[in-house]
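Working notes for the structure below.
No lab work stands behind these numbers, since they all come straight from the coordinates. Small disclaimer: the values here were computed from a predicted structure and weren't measured.
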């Protein structure tokens with residue numbers, strides 16, 4: 001505890017506050033940051049995961065270059081999208097919840113959190129790529145259909161003005 005106490009005391013004049021895993025999960029989803037293994041899997045292309053901007057299109061000759069070029073040319077069939085789930089107030093989302101459109105399951109929540117800076121529940125879900133921003137869907141939360149809306153990939157600071165190095 002001595003190290004913790006000293007860190008907190010030293011940071012107090014700078015506004016330091018403790019933040020746990022749930023806060024970090026919330027912040028990364030608000031910024032549109034993805035986790036490999038839950039949000040992105042080996043069966044997703046970068047274009048389906050919303051990280052196609054990370055792919056250098058001028059490089060070739062590596063394993064998978066042909067498959068990646070074909071995936072880019074075909075466009076994504078599915079897309080990892082950000083959902084605003086419900087209204088203000090915490091919901092018990094855990095991940096794996098069904099995402100429905102007109103009663104039909106069209107995807108599953110891969111990650112979720114209560115977004116503290118937005119005051120809303122947010123989720124990342126793989127849904128058909130044709131579903132754009134503003135589309136209304138439902139997320140099944142503990143057996144209850146809760147309204148949700150497809151939102152922008154980055155909900156907080158999309159211009160990256162608040163990042164520091």
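Given the rule -39500 (n - 2.57) for each run of at least 4 DSSP H residues, summed and divided by the residues of the chain, what is its mean residue ellipticity at 222 nm, to the nearest 500 deg cm²/dmol? It would help to have the intermediate numbers written out before the result.
Details: 3 runs with 30 residues, N = 165.
My calculation for the chain gives -5500 deg cm²/dmol from helical runs alone.
So what's segment 22-93 giving for Rg/Rh, alpha carbon basis, Kirkwood Rh from the mean inverse pair distance?
On the way: Rg = 15.3 Å, Rh = 14.3 Å.
Here the Rg-to-Rh quotient is 1.07.
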Completion exercise
Of 39, 102, 58, the most mobile residue in a GNM of the chain (C-alpha springs, cutoff 10 Å) is 58
Handout entry: Alpha-carbon gyration tensor eigenvalues x 5, square-rooted, for segment 38-165, Å
Key = 28, 19, 12
Handout entry: Rounded tilt (10° steps) of 65-74 against the dominant C-alpha axis of the chain
Key = 80 degrees
Problem - segment 64-165, relative contact order in percent, only Cα pairs under 8 angstrom and at least six apart counted - result: 30 percent
Practice task
Note the angle between two axes, namely the Cα long axis of helix 2-11 and the longest principal axis of the Cα atoms of the chain, as a number of degrees from 0 to 90, rounded to the nearest 10.
Solution key: 90 degrees
Handout entry: Nearest-ten-degree value, helix 21-30 long axis tilted from longest Cα axis of the chain
Key = 50 degrees
Problem - Choice from 18, 151, 56 with maximal GNM fluctuation in the chain (Cα, 10 Å cutoff) - result: 18
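In the chain, what % of DSSP beta bridges are antiparallel (nearest 5)? Walk me through the numbers before you get to the answer.
Details: 31 of 32 bridges.
Percentage antiparallel, nearest 5: 95.
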Handout entry: Calculated SAXS-style log₁₀ I(q)/I(0) at q = 0.15, 0.21 Å⁻¹ - segment 67-118, Debye, Cα scatterers
Key = -0.58, -0.87
Problem - Gaussian network model of the chain, Cα within-10 Å springs - most flexible of 154, 55, 139 - result: 55
Practice task
Find the centroid of the Cα atoms in segment 101-119 and in segment 1-74, then give the distance between the two in whole Å.
Solution key: 18 Å
